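Scroll down for the structure; my scribbles are underneath it.
The values are calculated or read from the model by the stated rules, or taken from the named source; none is laboratory data. In this text the structure is predicted, and so the values were computed from the model without any measurement. A quick note on method: Cβ atoms are made from the backbone with ideal geometry, for glycine too, and the neighbour counts reach across all protein chains shown. Surface areas here come from the heavy atoms of the whole protein model, side chains and all, with no ligands, DNA or RNA. Shrake-Rupley method; radii C 1.70, N 1.55, O 1.52, S 1.80 Å.
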Amino acid sequence: MTKSALFVSQTAEKGGAELFMLDLLAHGPRDWSGCFFEDGPAAKDLVAADRQPIVLSSGTNLSAVRREASALQMLGAAGTVWSLARELARTGKDYRAICANSQKALFVSALATRMIGRPLVWVLHDIITDPAFSRNTRRAAVLFANLFATRVVANSKATAQAFADAGGRSERVRIVYCGFDPAAHPQGTSAAGQALRRRFGLGDGPVVGLFGRLTPWKGQHVLFKALATLPAVQAVIVGSAMFGQDAYEAEVRQLATSEGLDDRVRFTGFQRDIADIMAGVDIVLHTSTHAEPFGRVVVEGMLAGRPVIATKGGGVNEIITEDCDGLLVPPSDPAALAAAIARLLTDRDFAARIAGAGRVTAVERFNISKTCADMAAVLDELS
Ligand code: UDP
């Protein structure tokens with residue numbers, strides 16, 4: 001029997017793109033499967049969810065090639081790409097479509113789908129005009145998408161626009177927002193707040209939470225500059241360095257120390273289930289310094305019924321309606337961030353109002369059932 005779709009990821013680490021794929025596979029039809037170029041936590045999660053992942057055996061060398069790789073590095077990996085493509089083609093022939101969930105997966109899947117005559121969907125999670133991508137990587141991705149992908153699924157209008165700006169064929173693009181299961185996100189209570197304070201040895205004062213990878217563009221340093229001007233406010237920094245970007249963690253820990261924040265900031269490392277922590281903080285923060293392609297943590301904060309302050313730009317502008325279901329601040333502006341935190345801590349009624357409205361927005365617009373239906377509609381277009 002031919003199954004519907006094989007979602008392909010080069011990494012089995014759990015970044016936002018991989019969590020999107022895991023959510024689709026956990027909540028979508030059982031004939032959607034997940035395939036990884038390496039074993040890791042995301043593959044193990046699928047096993048735990050009784051969705052057997054496919055882990056290709058030729059992928060190890062590719063994990064050394066990062067997204068900012070030069071053309072020469074990519075060329076050096078050509079042998080691995082070819083072996084992966086052949087392996088993927090053998091597995092992929094059981095599926096009606098292959099959905100590449102990352103750029104490296106796009107290159108491999110493009111070759112594999114040519115070998116077996118299946119349509120290719122590229123699930124795009126990045127603003128590819130972002131300077132983090134080398135020009136060659138961006139050009140190669142757009143070229144492959146234009147040549148080989150029947151559809152490009154973008155996780156926001158901002159992501160879709162950047163693809164078009166980089167020369168991508170916009171008529172093939174469909175928007176599918178990230179979706180969440182509201183039942184998996186308990187709403188904040190004062191008991192959750194007390195539990196959080198006990199767990200991380202924090203005092204009775206207000207606690208803000210910043211959730212995401214420790215990497216410069218997620219802006220943990222912006223929060224530390226803001227906290228230096230808010231002496232009563234404590235913070236939990238939830239997340240770890242990922243994808244080999246370890247240097248920033250040491251830098252940002254040093255910054256916390258030099259700003260005198262050690263007694264009121266806690267680095268929790270990566271947490272498998274952040275919902276409980278979100279439910280315990282007074283404010284959920286998002287401090288990215290660049291436009292966020294989507295911003296899962298923003299929706300997760302809204303689902304927790306916590307007031308959210310996020311950086312303006314990118315996908316976040318499509319999630320939050322300013323001063324209605326969240327607050328927006330300019331990127332890299334510690335003073336504006338501090339003012340927004342102070343406003344929510346002072347005006348608790350306003351904070352409760354936007355938190356309540358945020359939960360409604362998140363449940364109605366970013367529900368996993370809608371995401372699965374939107375993805376299924378894209379797959380239906382292929383047949
Ligand atoms: N996340 C997590 N544990 C952590 C920190 C983050 O599970 O310790 C999750 C977070 O809940 C979110 C995802 O990682 O679902 C990050 O997605 P987002 O879109 O915010 O950023 P990305 O990593 O895709 O740039």
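Could you check, for the stretch 141-154, whether at least one of its residues is farther than 24 Å from Y95 by Cβ and not in a loop (DSSP other than H, G, I, E, B)?
Residues of the stretch 141-154 farther than 24 Å from Y95 by Cβ: 142-143.
Then keep just the ones that are not in a loop (DSSP other than H, G, I, E, B); that gives 142-143.
For the stretch 141-154, residues farther than 24 Å from Y95 by Cβ and not in a loop (DSSP other than H, G, I, E, B): present.
Note down all Cβ pairs under 7 Å where the first residue falls in the stretch 193-209 and is on the phi < 0 side of the Ramachandran plot, the second is open to solvent by 20 Å² or more (accessible area, probe 1.4 Å) and of a type in the set (S, T, Y), and they're at least six residues apart or on different chains.
What qualifies is F200/T268.
Using the structure shown, decide if G314 is open to solvent by 30 Å² or more (accessible area, probe 1.4 Å), of a type outside the set (S, T, N, Q) and in a loop (DSSP other than H, G, I, E, B).
no
Per-residue answers, yes or no, for (1) among the hydrophobic types (A, V, I, L, M, F, W, C); (2) open to solvent by 10 Å² or more (accessible area, probe 1.4 Å):
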residue: T91; (1), (2): no, yes
residue: I98; (1), (2): yes, no
residue: Q103; (1), (2): no, yes
residue: I116; (1), (2): yes, yes
residue: S134; (1), (2): no, yes
residue: A141; (1), (2): yes, no
residue: F148; (1), (2): yes, yes
residue: V153; (1), (2): yes, no
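Taking E251, is it acidic (D, E) and modelled with pLDDT under 95?
Details: acidic (D, E): yes; modelled with pLDDT under 95: yes.
Yes: the conditions hold for E251.
List the number of the failed condition for V298; all other conditions in (1) farther than 28 Å from D45 by Cβ; (2) within 14 Å of the ligand (Cβ to nearest atom); (3) assigned to a helix (DSSP H, G or I) hold.
Exception for V298: condition (1).
Counting just the residues of the stretch 177-198 that are more than 15 Å from the ligand (Cβ to nearest atom), open to solvent by 40 Å² or more (accessible area, probe 1.4 Å) and of a type in the set (A, V, I, L, M), which one comes out farthest from A250 (Cα to Cα)?
Taking the candidates together, the pick is A183.
Any residue in the stretch 317-337 that is open to solvent by less than 30 Å² (accessible area, probe 1.4 Å), over 17 Å from G188 (Cβ atoms) and more than 24 Å from the chain's Cα centre (by Cα)?
yes
Any chance you could count how many residues in the stretch 251-266 are under 20 Å from F200 (Cα atoms) and free of Cβ contacts under 8 Å to residues at least 12 places away in the same chain?
4
Anything in the stretch 129-169 that is closer than 23 Å to E318 by Cα, out of contact with any Cys (no Cβ under 9 Å at 6 or more places or on another chain) and aliphatic (A, V, I, L, M)? List them, or say none.
A132, V152, A154, A158, A160, A162, A164, A166
What's the number of the condition H286 fails, among (1) over 18 Å from the mean Cα position of the chain (by Cα); (2) within 14 Å of the ligand (Cβ to nearest atom)?
Condition (1) is where H286 drops out.
Considering each of P293, P307, P216 in turn, give the residue that is closer than 29 Å to Q161 by Cβ and more than 16 Å from the ligand (Cβ to nearest atom). Give the steps one after another, and end with the answer.
Values: P293 fails: more than 16 Å from the ligand (Cβ to nearest atom); P216 fails: more than 16 Å from the ligand (Cβ to nearest atom).
From the options P293, P307, P216, the qualifying one is P307.
For residues that are of a type outside the set (S, T, Y) and not in a helix (DSSP H, G or I), scanning just the stretch 301-311, find the one that is surrounded by the fewest Cβ atoms within 10 Å (Cβ to Cβ). Walk me through it before giving the result.
Here is the first cut: in the stretch 301-311, the ones of a type outside the set (S, T, Y) are 301-310.
Cutting the leftovers down to not in a helix (DSSP H, G or I) gives us 304-310.
Details: A304: 28, G305: 21, R306: 27, P307: 31, V308: 30, I309: 26, A310: 26.
Once the filter is applied, the top-ranked residue is G305.
Only one residue in A105, A110 is under 20 Å from the mean Cα position of the chain (by Cα), part of a helix (DSSP H, G or I) and not charged (D, E, K, R). Which one? Let's see the steps before the verdict.
Working: A110 fails: under 20 Å from the mean Cα position of the chain (by Cα).
Result of the check over A105, A110: A105.
For the stretch 348-360: of the residues being surrounded by fewer than 20 Cβ atoms within 10 Å (Cβ to Cβ) and in contact with a helix residue (DSSP H, G or I) (Cβ under 8 Å, 6 or more places away or on another chain), which is nearest to V207 (Cα to Cα)?
By that ranking, first place goes to A351.
Looking only at the stretch 361-383, which residues are open to solvent by 60 Å² or more (accessible area, probe 1.4 Å) and touching a strand residue (DSSP E or B) at 6+ places or on another chain (Cβ under 8 Å)?
The answer is E381, S383.
Just for strands (runs of 3 or more DSSP E) wholly inside the stretch 199-293: which have at least 2 residues that are in contact with a strand residue (DSSP E or B) (Cβ under 8 Å, 6 or more places away or on another chain), open to solvent by less than 20 Å² (accessible area, probe 1.4 Å) and closer than 16 Å to R306 by Cβ?
Filter on the stretch 199-293 gives 207-211, 234-238, 283-285.
So which of G188, G193 ends up being modelled with pLDDT of 95 or more and small (G, A, S)?
Only one candidate qualifies: G193.
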